[in-house]
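Read through the structure below, which is laid out as structure tokens, and then see the notes.
The values are calculated or read from the model by the stated rules, or taken from the named source; none is laboratory data. The shown structure was predicted, so the numbers you read here are calculated from the model rather than taken from an experiment. Heads up, the Cβs are rebuilt from the backbone with ideal geometry, glycines too, and the neighbour counts pull from every protein chain shown. Protein only, heavy atoms only, side chains kept; ligands, DNA and RNA dropped before computing areas. Shrake-Rupley method; radii C 1.70, N 1.55, O 1.52, S 1.80 Å.
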Amino acid sequence: MSDDAIQSVLQENRQFPPSEAFSADAHISSDEQYQEMWQRAKDDPDGFWGELARENLDWIEPFDQVSEGDMPDTKWFTGGKLNVTQNCLDRHLDNWRKNKAAIIWEGEPGDTRVLRYQDLHREVCRFANVLKQLGVETGDRVTLYMPMIPELAIAMLACARIGAVHSIIFGGFSADAVAERNNDAQAKLVVTADAGWRRGKELPLKAAVDKSLEKSPSVEKVVVVRRTGYEVEMVPDRDYWWHDLVETASTECEATPLDSEHPLFILYTSGSTGKPKGVLHTTAGYLLGTTMTSRWVFDLKDDDTYWCTADIGWITGHSYIVYGPLANGATTVMYEGAPNWPDEGRFWQIVEKYGVSIFYTAPTAIRAFIKWGDDWPGQADLSSLRLLGTVGEPINPEAWMWYHRVIGGERCPIVDTWWQTETGGIMISPLPGATATKPGSCTRPLPGIVPEIVTKDGQSLGDNQGGLLVMKQPWPSMLRTLYGDHDRFLETYFSEIPGCYFAGDGARRDEDGYYWIMGRVDDVLNVAGHRLSTMEIESALVAHPKVAEAAVVGFPHDLKGEGICCFVTMTVEDDSEELKAELTSHVREQIGAIATPDQIRFAAAVPKTRSGKIMRRLLRDIAAGREQIGDTTTLEDYTVLAKLREEEE
Ligand code: 7RM
């Protein structure tokens, strides 16, 4: 094994081939078909992507060239003109889908709204006209700081209709975070709501916008949706109610023809240091990527009811609640609230209520469901489900098996989808009718995606050697730049391994060509010269019946260089020294002496960002006994931090 390799200790041999019945109806229905597509795309990417773009997108003017230029500065479908909303809306209006539900929305308090494709088209046109009336022009940036309500999807699409660039800021961010993003994007207008619902409480949004505007002078106008009735201050000639504006707006608005490379949106993602990175996606490539991956991976059919539980404030919501499903004419469910409000059965009640057939969520949510007990899903009829998905972090095999058994009734394939904000769409994932799955593996690259595992010197590694996960070929939905900072874009993603895209993950590929993500490489520990993936130690911990959730970080250790600190939440009330010893020997048994934990800390919950990523920086600081630094505004539960801090004292 190379010195640079990351040691992989996860052993998992179970395999789940697709059922014949599922394969028979699937868009991609056999392993041979997948292999053929993948090889063709690798050998002739322009032929492959060009054909897909011609056949699956509506063009106002056809493109001249499929791709132009090498990675990182590849342009796609140059010369072509199109509009994303024409692809997501208008093209479904001249056929039976006009009265199909586009969005089924469920509010946290239990109110609902169904927008058929015709309705959505009208609302989008209306708000596009409002934007124009307020002075927003093609290319201008618009901040959306909103709850998970239909107006958020409408506002996104309205921007896309006129070529304005949306920048969605998740509703859990602070006023300062909004100001920073407004300034970076030089946003002209903000769309917000009075407040949003979160576990029965109101989360004031307009007030945060007011505060942010003291520090972000580029913003000229604010549009406010009335959601909860929470009291807000309206500044004359700056602030407008959504309902007043749309009342008089026309329901017709021609889609602006836009260049393939016209910016579609900016989405800020936190960097390891410094200010957030404004990931920029453009029109045609992003649309093609999300359209095809939605169809291939989720096997979307016209009679599906599809639900992705992410917040639209994250890339998963952009790509797989809004753009991908709508481009396919699908019915997409959107839920405003928390999974445990008013009780822990809420998700399963929604599945039953709408007859959800495809369900896409995060491993962190699955581990919460496990902790809450099998009774909650047991009380609902989940027989409508036919396909399950996961995204956001590696799923430990135990959680995978629970998902398969309890939610999927051992009948639904699971697609573990690996991708990033930067990749725009899913990159590595099973195809549910073609791929035999292995719990914990995101399996193989989608057609058109050419990954490699390399050392930090860029040398290719063989089977089962952990290393850096890179992409060797460009793909249409990749980010084009970091807004306003192309040098940072080049530096962040293309300097580490020259000629390749690298965005931070470690992985290994097994003898069947399956990829096993080992987490962020900055999460790799170096314990006495052994490079261990924190994720695999976490996986070993949660395999213990008393462990609900685990987060492992390194801390400076005199003898070993780095020591192993494990934060664990338990399924039982027990924080005894005996249990610590039991967990320590459990990890030794599962992985080996090299992975023996140096510290076990019991915590009420593992601190996570709102998108479900473990807040490792915070935990590292705690493990090392340093003062906490960095931005914790996205902490799901501040009391967790407080609790952990208490224990430290
Ligand atoms: C879609 C999204 C990206 C990071 C990525 C990984 C981790 C995402 C998986 C995963 C293992 C997966 N975008 N990640 N999906 N790790 N298996 N299926 O999450 O930009 O917010 O995060 O998330 O580390 O680099 S993101």
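Quick notes
- Scanning the stretch 75-117 for residues that are under 21 Å from N56 (Cα atoms) and of a type in the set (S, T, N, Q) turns up T78, N83, T85, Q86, N87, N95.
- Condition check for G389: within 12 Å of the ligand (Cβ to nearest atom) and surrounded by 24 or more Cβ atoms within 10 Å (Cβ to Cβ): yes
- Subset of the stretch 504-552 (residues that are more than 12 Å from the ligand (Cβ to nearest atom), small (G, A, S) and in contact with a helix residue (DSSP H, G or I) (Cβ under 9 Å, 6 or more places away or on another chain)): A528, A540, A543, A548, A550, A551
- Some residue of the stretch 367-386 being touching a residue at least 40 places away in the same chain (Cβ under 8 Å) and within 12 Å of the ligand (Cβ to nearest atom): no
Residue by residue, here is whether (1) open to solvent by 10 Å² or more (accessible area, probe 1.4 Å); (2) away from the ligand (no atom under 13 Å from the Cβ); (3) assigned to a strand (DSSP E or B); (4) farther than 20 Å from T290 by Cα holds:
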{"position": "W402", "(1), (2), (3), (4)": "yes, yes, no, yes"}
{"position": "G409", "(1), (2), (3), (4)": "yes, yes, no, yes"}
{"position": "V415", "(1), (2), (3), (4)": "no, no, yes, no"}
{"position": "E422", "(1), (2), (3), (4)": "yes, no, no, no"}
{"position": "G425", "(1), (2), (3), (4)": "no, no, no, no"}
{"position": "P439", "(1), (2), (3), (4)": "no, no, no, yes"}
{"position": "P447", "(1), (2), (3), (4)": "no, yes, no, no"}
{"position": "I453", "(1), (2), (3), (4)": "no, yes, yes, yes"}
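- As for the stretch 90-104, it holds at least one residue that is touching a Pro at 6+ places or on another chain (Cβ under 9 Å), surrounded by 24 or more Cβ atoms within 10 Å (Cβ to Cβ) and not β-branched (V, I, T).
- The stretch 288-307, residues that are open to solvent by less than 10 Å² (accessible area, probe 1.4 Å) and either more than 21 Å from Q33 (Cβ to Cβ) or aromatic (F, W, Y) (or both): T290, F298, Y306, W307
- Scanning the stretch 354-367 for residues that are touching a strand residue (DSSP E or B) at 6+ places or on another chain (Cβ under 8 Å) and part of a helix (DSSP H, G or I) returns Y354, P363, T364, I366, R367.
- Residue count, the stretch 508-531 (criterion: crowded, with 16+ Cβ neighbours inside 10 Å and not in a strand (DSSP E or B)): 3
- Selection count where residues are part of a helix (DSSP H, G or I) and either modelled with pLDDT under 95 or under 21 Å from P325 (Cβ atoms) (or both), scope the stretch 370-384: 3
- When T332, T364 are screened for being at pLDDT 95 or above and crowded, with 21+ Cβ neighbours inside 10 Å, only T332 passes.
- Cβ pairs under 9 Å, 6+ apart, first in the stretch 64-81 and surrounded by fewer than 17 Cβ atoms within 10 Å (Cβ to Cβ), second modelled with pLDDT under 95: D70/G499
- Residue within the stretch 567-583 that is modelled with pLDDT under 85, open to solvent by less than 40 Å² (accessible area, probe 1.4 Å) and more than 16 Å from the ligand (Cβ to nearest atom) present: no
- Just one of the numbered conditions (1) more than 18 Å from the chain's Cα centre (by Cα); (2) open to solvent by 10 Å² or more (accessible area, probe 1.4 Å) is not true of D505: (1).
- Residues that are within 20 Å of Q65 (Cα to Cα) and either at pLDDT below 95 or not in a helix (DSSP H, G or I) (or both), drawn from the stretch 265-305: H281, T282
- Flag for F347 being at pLDDT 95 or above and away from the ligand (no atom under 16 Å from the Cβ): yes
- Test: residue in the stretch 208-227 that is within 27 Å of the chain's Cα centre (by Cα) and open to solvent by 10 Å² or more (accessible area, probe 1.4 Å): yes
- The stretch 306-341 - residue that is touching a helix residue (DSSP H, G or I) at 6+ places or on another chain (Cβ under 6 Å), of a type in the set (S, T, N, Q) and outside any helix (DSSP H, G or I) and, of those, farthest from the ligand (Cβ to nearest atom): N328
- Cβ pairs under 7 Å, 6+ apart, first in the stretch 595-612 and farther than 30 Å from I312 by Cα, second within 16 Å of the ligand (Cβ to nearest atom): A595/I537
- Residue under evaluation G433, criteria (1) assigned to a helix (DSSP H, G or I); (2) over 22 Å from the mean Cα position of the chain (by Cα); (3) surrounded by 24 or more Cβ atoms within 10 Å (Cβ to Cβ), criterion not met: (1)
- Some residue of the stretch 202-225 being on the phi > 0 side of the Ramachandran plot and modelled with pLDDT under 95: no
- Within the stretch 459-494, the set of residues being part of a loop (DSSP other than H, G, I, E, B) and either among the basic types (K, R) or over 18 Å from G69 (Cβ atoms) (or both) comprises Q459, L461, G462, D463, N464, Q465, K472, R480, Y483, G484, D485.
- Note on the stretch 486-502: residues that are open to solvent by 20 Å² or more (accessible area, probe 1.4 Å) and either touching a residue at least 24 places away in the same chain (Cβ under 8 Å) or within 19 Å of the chain's Cα centre (by Cα) (or both) total 7.
- Residue that is farthest from A41 (Cα to Cα), among those in the stretch 55-82 that are among the aromatic types (F, W, Y) and either assigned to a loop (DSSP other than H, G, I, E, B) or modelled with pLDDT under 95 (or both): W59
- Some residue of the stretch 239-256 being within 16 Å of S167 (Cβ to Cβ) and either open to solvent by 10 Å² or more (accessible area, probe 1.4 Å) or of a type outside the set (A, V, I, L, M) (or both): no
- The stretch 141-192: number of residues that are touching a Cys at 6+ places or on another chain (Cβ under 9 Å) and either small (G, A, S) or surrounded by fewer than 21 Cβ atoms within 10 Å (Cβ to Cβ) (or both): 2
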